[in-house]
Each structure stands twice: as C-alpha cells, then as structure tokens.
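Laboratory data are not the source of any read-out in this text; all were calculated from the coordinates shown. Since this is a predicted model, take the numbers as computed values, not measurements. Here the Cβ positions follow ideal geometry from the backbone for every residue, glycine too, while neighbour counts run over all protein chains shown.
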Amino acid sequence: MAEHDTRIWPPTEDTLPLGLGPAEWAASPTEDSATQRQPGLLLVDDDPFMLGMQSRMLRSMGYSKIGTAGSAEAALALVLAGRAAVDVVVCDLNMPDVDGIEFLRRLGDSGFAGNVILLSGEGPRIIHAVQKLLAGRRLRILGALEKPAGRAALRALLDRWHPLAPAQATDEARVPACTADELHAARQGEQWVLHYQPKVDLQTGALTGTEALLRWNHPEHGLVYPDRFIGLAEDCGAIDALTGWVLGAALAQLSRWHQQGLLIQMAVNVSMENLRAPCFARKVGALVRHSCLSPQDLTLEVTESRVMALAPEPLETLVRLRMQRFGLSIDDFGTGHSSLAQLRDVPFTELKIDRGFVHGARQNPLIRPMLEGSIGMAQRLGLQTVAEGVETEDDWALLRELGCDIAQGFFIGQPMPGEQLHAWLTDWQARRPRESAT
Ligand SMILES: [Mg+2]
C-alpha cells in the first residue's frame with residue numbers, strides 16, 4: 001500500500017496479511033450498515049494469549065473491526081500509517097519497553113483524537129491516576145477496567161463511543177486563548193451573556209434556584225466559556241467590572257422571575273480578586289436593594305483560581321457579606337484551593353461539591369468515600385450541600401440516599417438563556433424521578 005493511500009476500512013487481506021505484519025487486522029468480508037456504525041478497535045497487549053482471548057470475546061459480542069498489536073511500537077506504527085480507521089484503542093498499561101502511559105502520550109502527541117479504554121491489573125488508584133494524566137490530551141478516555149475485563153463492563157464502555165465525539169473535542173480545542181484587547185472590545189460591544197443552570201431540591205424535585213454562568217458571545221468563536229478568559233480578566237484588572245455586570249444582569253433576571261411568581265434564588269460566581277475591593281460588600285447590598293430583592297435571594301459562590309493565602313481584605317468582605325445575610329458558597333469543593341482551611345476560616349453557608357466527586361460515584365471506589373465524607377462533614381457543620389455534575393439518574397439516586405440537599409447538572413438541565421427556564425421547568429416536572437414526589 002502506498003504511503004499516501006487514504007483508504008480507511010477495511011484493509012484488504014493483501015495489504016495486511018494476517019499473522020505477517022506487526023499488527024493484525026481481521027474484518028468481516030462484507031460490511032453491512034450495522035458494521036459501518038461500529039468502532040474500529042485496536043487491542044494493544046504484550047501477552048498474545050490475552051490478545052487472542054479479548055479478540056475472540058469482542059467478536060462474539062458482535063464487533064468485527066478488530067485489530068491487534070503485540071507492542072506499543074507496533075500499535076503506533078499502525079495508527080500513524082493511517083492504514084486503518086482506529087476509533088477505540090484498548091490498551092494494556094503494563095507492557096515491557098514502551099508501557100501504556102508512554103504509548104498513550106505518544107499517541108496523543110501524534111494527533112490521534114480517538115477514544116481509549118485502559119486495562120490494568122494495577123488496581124483502581126493507579127488506573128485513576130493514569131486517567132487524570134491523560135485527561136488534558138486530545139485522547140478521550142472512555143473508561144478503565146481491571147484485567148481481565150468482563151463482557152458486560154467492556155460493552156458498557158464501548159457503548160459510550162460515538163462517531164462525532166472526537167470532532168467536537170477538536171473544535172473546542174481550536175478556540176484560541178483570548179487577549180486583553182479582545183476582552184476590552186467585548187465590553188464595548190456588549191458581547192457578554194448569562195446562561196442559567198437550574199438547581200433542584202433532591203428530596204422534592206422542586207426548583208430552588210439557578211446559577212448564573214457567564215458566556216462570551218465571541219464574534220468569531222461563538223460562545224466562549226469562562227475558563228478561557230476569567231484568568232485574563234483577573235490579570236488585566238477587568239474582573240471587577242465583569243463581576244459587576246454579571247451581578248446586575250443576574251439580579252435583573254431574578255427580579256423578573258419573582259414578578260412572574262417564580263420565587264427562586266440566584267447564585268453568582270465571584271473570585272477572590274473581587275473580594276479584595278473594600279467597597280464590594282456595600283455595592284452588592286446596594287444592587288440587591290435596587291432590584292427590590294433581599295440578600296437571602298443571592299448566594300455568592302467563591303472560587304479561588306490561584307494560590308493565595310486568605311488575606312485579611314477578602315475575609316473582611318466575606319464576613320460583611322454574611323452579616324448582611326447573603327449566602328456564601330465554597331465552590332468546587334475538593335479541588336484547587338477550595339480547602340478545609342477556607343472552610344474553617346470563612347462563614348460559608350453552603351458547600352458545593354465539585355463534579356469530579358459526583359458523577360459516577362456509586363461505581364467508583366475512590367470518589368464515593370470522598371463524596372460521602374464531604375456531605376457528612378457539611379451536614380455536621382450545618383451547611384447546605386449542593387452537588388455539581390449530576391449527569392445520570394443513578395447520580396441523582398445516590399445523592400438522595402446520602403442526604404445531599406441540592407443537585408445541579410446535565411441530568412436536571414443544561415445552562416440556558418433565561419427565557420427558556422419556564423419551558424425547562426414544565427419538561428422537568430414531567431420527567432423528574434418519580435420517588436421525589438412533592
Ligand atoms: Mg459555581
């Protein structure tokens with residue numbers, strides 16, 4: 001086969017004769033439409049017995065686009081040559097010479113933007129650490145399994161594969177970092193928009209409030225998310241004006257909802273930089289009064305994006321906000337700098353558990369104890385608990401069992417423009433889990 005051959009699937013028998021190349025491919029001779037929708041699988045393992053066993057098992061499960069490679073080098077050569085459409089790499093972590101970690105790093109560096117399933121006999125902590133190592137790369141980790149992987153577990157992970165997923169990830173990655181000039185232009189051009197994500201009571205299913213989430217409606221890149229520009233706004237001194245705009249817009253929306261009879265709360269994210277300004281607590285109090293709302297209607301979610309000891313100024317602002325009866329939430333608890341020390345020193349009213357400790361916790365022996373521990377600790381401290389990243393009904397059910405108060409996540413509703421909240425609420429009331437009767 002010529003190097004520039006762009007044929008993707010299946011390789012014909014004469015180009016990759018079984019048993020002769022560094023990697024072996026076996027495809028069904030004719031492809032029906034069901035086969036075309038299947039992912040092309042590449043099994044990578046140094047143990048020929050394991051390769052044969054996995055390959056037979058996958059074929060018996062109905063997968064027919066299966067290739068095998070007995071070493072990382074063979075697998076890389078095959079993927080980089082582009083001689084077959086590899087959608088999912090099923091990779092053993094423990095291989096001699098080039099191990100699974102190095103293999104996947106090189107695979108990611110090569111521009112391969114497919115999916116990966118990790119197999120290892122190393123136990124859940126190592127597997128979890130490797131998943132984290134790979135998370136920042138273009139590779140999409142479908143999941144990890146302990147060896148030998150069973151049929152049902154493998155099937156569940158392969159069902160997560162979707163042909164369009166890598167392309168979407170690539171588009172996201174293509175949005176460049178923003179510049180201070182663009183940030184200034186955005187302010188002039190009124191390119192900021194707020195989306196609102198519902199927060200729901202886990203016992204009753206009732207809507208309790210929304211979190212206002214800032215988006216930048218960029219003229220070229222479409223909606224840009226805050227992780228792309230908040231750090232920059234902090235660095236160039238634009239964060240106070242930005243947060244001021246968010247507070248004003250969010251309170252105006254809340255005021256409209258209250259006038260319509262929707263008596264819910266609003267949560268707004270503030271950074272530690274905002275809290276350094278000595279007039280911040282007074283300004284927020286004035287804004288709330290101007291909107292004919294009360295401080296109890298507003299919760300400020302405090303995040304810290306950089307290493308900074310809790311200085312006197314932010315602490316003073318937080319205490320003054322609390323004395324006015326605003327809600328104070330420690331956001332993304334368990335990650336970054338949202339630490340036990342902050343929880344001890346600041347009069348928070350709410351603990352918001354990061355999504356990384358929520359989604360999939362029932363099956364995950366590492367994060368479940370951390371979720372249980374966080375909820376238990378918050379309860380004993382008298383704090384309301386909010387779980388982010390509730391993506392499935394199973395996440396919802398576990399949080400109910402554990403006594404968490406409020407849920408937020410895609411299972412309930414995505415962030416949406418304010419005018420869509422009523423339609424979402426009608427839909428949610430029809431589909432919310434049945435055990436949460438009001
Ligand atoms: Mg938040």
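Before moving on, here are some points about what is shown:
- By other beta-carbon atoms within 10 Å, ranking K352, K199 with the fewest at the front produces K199, K352.
- Spatially proximal lysines relative to K132 (Cα-Cα < 19 Å; intrachain offsets below 8 disregarded): none
- Percent antiparallel among DSSP beta bridges (both partners in the stretch 175-436, rounded to 5): 40
- Between E401 and L262, the contour length at 0.36 nm per residue exceeds the alpha carbon distance by 47.2 nm.
- Candidate lysines - alpha carbon under 19 Å from K352, same-chain residues fewer than 8 apart omitted: K199
- Distance from the alpha carbon centroid of the stretch 399-427 to that of the stretch 330-390 works out to 19 angstrom.
- Full extension of the segment from A85 to A206, taken as 0.36 nm per residue of separation minus the current Cα-Cα distance, would add 38.9 nm.
- Note on D427 and E313: their simple-model spin labels are 4.3 nm apart, each label 7 Å out from Cα toward Cβ.
- Other residues within the sphere of radius under 10 Å centred on the Cβ of G40, judged by their own Cβ, net out at 0 (K and R +1, D and E -1).
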